[in-house]
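Below you'll find the structure, written out as structure tokens, and then a few comments.
The values are calculated or read from the model by the stated rules, or taken from the named source; none is laboratory data. Note that the structure is predicted; figures quoted are calculated from it, not measured. Glycine gets a Cβ as well: all are built from the backbone with ideal geometry, and neighbour counts include every protein chain shown. Just the protein is used for accessible areas: all its heavy atoms, side chains included, with ligands, DNA and RNA removed. Shrake-Rupley method; radii C 1.70, N 1.55, O 1.52, S 1.80 Å.
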Amino acid sequence: MDATLDTAGKRKRLVIGNWKMHGNQAVNATLLDGLCAGIPAAGSCDVAVCVPFPYLGQAYAKLQGSGIGWGAQDVSRHEQGAFTGEVSAAMLADFGCGWVLVGHSERRSMHGESDELVAEKAVAALNAGLTPVVCVGETLAEQDAGQTADVIERQLAPVLALSAPLVARLVIAYEPVWAIGTGRSASPEQAQAVHGLIRSRVAKLGVPDLRILYGGSVKGSNAASLFAMPDIDGALVGGASLVAEEFLRIAAA
Ligand code: PGA
């Protein structure tokens, strides 16, 4: 059976925490213990956390057998070699990672990551058996200019040019840049409009059940209304993933 579908054959919800550059060993231990204790309440939802590289070992040690997955926030497109400061997909797999974010807007804007590079990173992750979470989203200026659909299409083009079996192994996260860390989430209808576009685009490739997450100021209080939308399959959560009870509320929604 496809692990991304539930027993009824419906797309399984997925909630991923993106810790960004937060935490230390003591704080992480408390957070991870809190997640492990509360996870049964999340039901059949898939839950994972993407932690800073130095804490992958800690996530590995704490989360094994917990039902919570873990992963990283970036990966090199290279397999190995003289790439000082980079971390390969095989290294992530070595630490038990199941997931890795690629193309987060903070990497696109602060590190100049191109759409092509993001696709190469997704391929590197797939080759190591990881699930890449490909992040896309428009800026406020692009939204105001009515360019949202074009921006998403452009950002996704190199990944959707991969073969359908590879595309089927991706997760896509729609994260409007203006909603990230601002407290101003997209409305469920706004997010659904973009998710619907992405859904029809991937369905054309013969991949109707790809999981599409929404990200941008998701909290316990707005998760249920977002998840009620037909094409929102879960969330990529930044700030609210740093507080166990809040993150678990989202997973339980
Ligand atoms: P936020 O971040 O939930 O803090 O808005 C989301 C993200 O950047 O993945």
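Quick notes on this one:
- The one condition from (1) away from the ligand (no atom under 14 Å from the Cβ); (2) farther than 20 Å from Trp19 by Cα; (3) hydroxyl-bearing (Ser, Thr, Tyr) that Thr139 does not meet is (1).
- Qualifying residue in the stretch 97-108 (condition: farther than 21 Å from Trp178 by Cα and outside any loop (DSSP other than H, G, I, E, B)): yes
- Only one entry of Gly238, Gly215, Gly196 meets the criterion of being closer than 25 Å to Arg108 by Cβ, within 11 Å of the ligand (Cβ to nearest atom) and open to solvent by 10 Å² or more (accessible area, probe 1.4 Å), and that entry is Gly238.
- Which numbered condition Met229 misses (of (1) assigned to a loop (DSSP other than H, G, I, E, B); (2) away from the ligand (no atom under 13 Å from the Cβ); (3) over 23 Å from Leu130 (Cα atoms); (4) under 17 Å from the mean Cα position of the chain (by Cα)): (4)
- Answer residue from the stretch 163-187, given it is more than 24 Å from Ser109 (Cα to Cα), touching a helix residue (DSSP H, G or I) at 6+ places or on another chain (Cβ under 7 Å) and open to solvent by 30 Å² or more (accessible area, probe 1.4 Å) and is nearest to the ligand (Cβ to nearest atom) among those: Arg169
- When the stretch 53-91 is filtered for residues that are under 22 Å from Met110 (Cβ atoms) and open to solvent by less than 20 Å² (accessible area, probe 1.4 Å), the ones remaining, listed by number, are Leu56, Gly71, Ala72, Val75, Ser76, Ser88, Ala89.
- The stretch 61-80: number of residues that are touching a residue at least 40 places away in the same chain (Cβ under 8 Å) and farther than 23 Å from Val237 by Cβ: 4
- Among the candidates Val15, Val49, Val102, the residue that is within 16 Å of the ligand (Cβ to nearest atom), farther than 23 Å from Phe227 by Cβ and open to solvent by less than 80 Å² (accessible area, probe 1.4 Å) is uniquely Val102.
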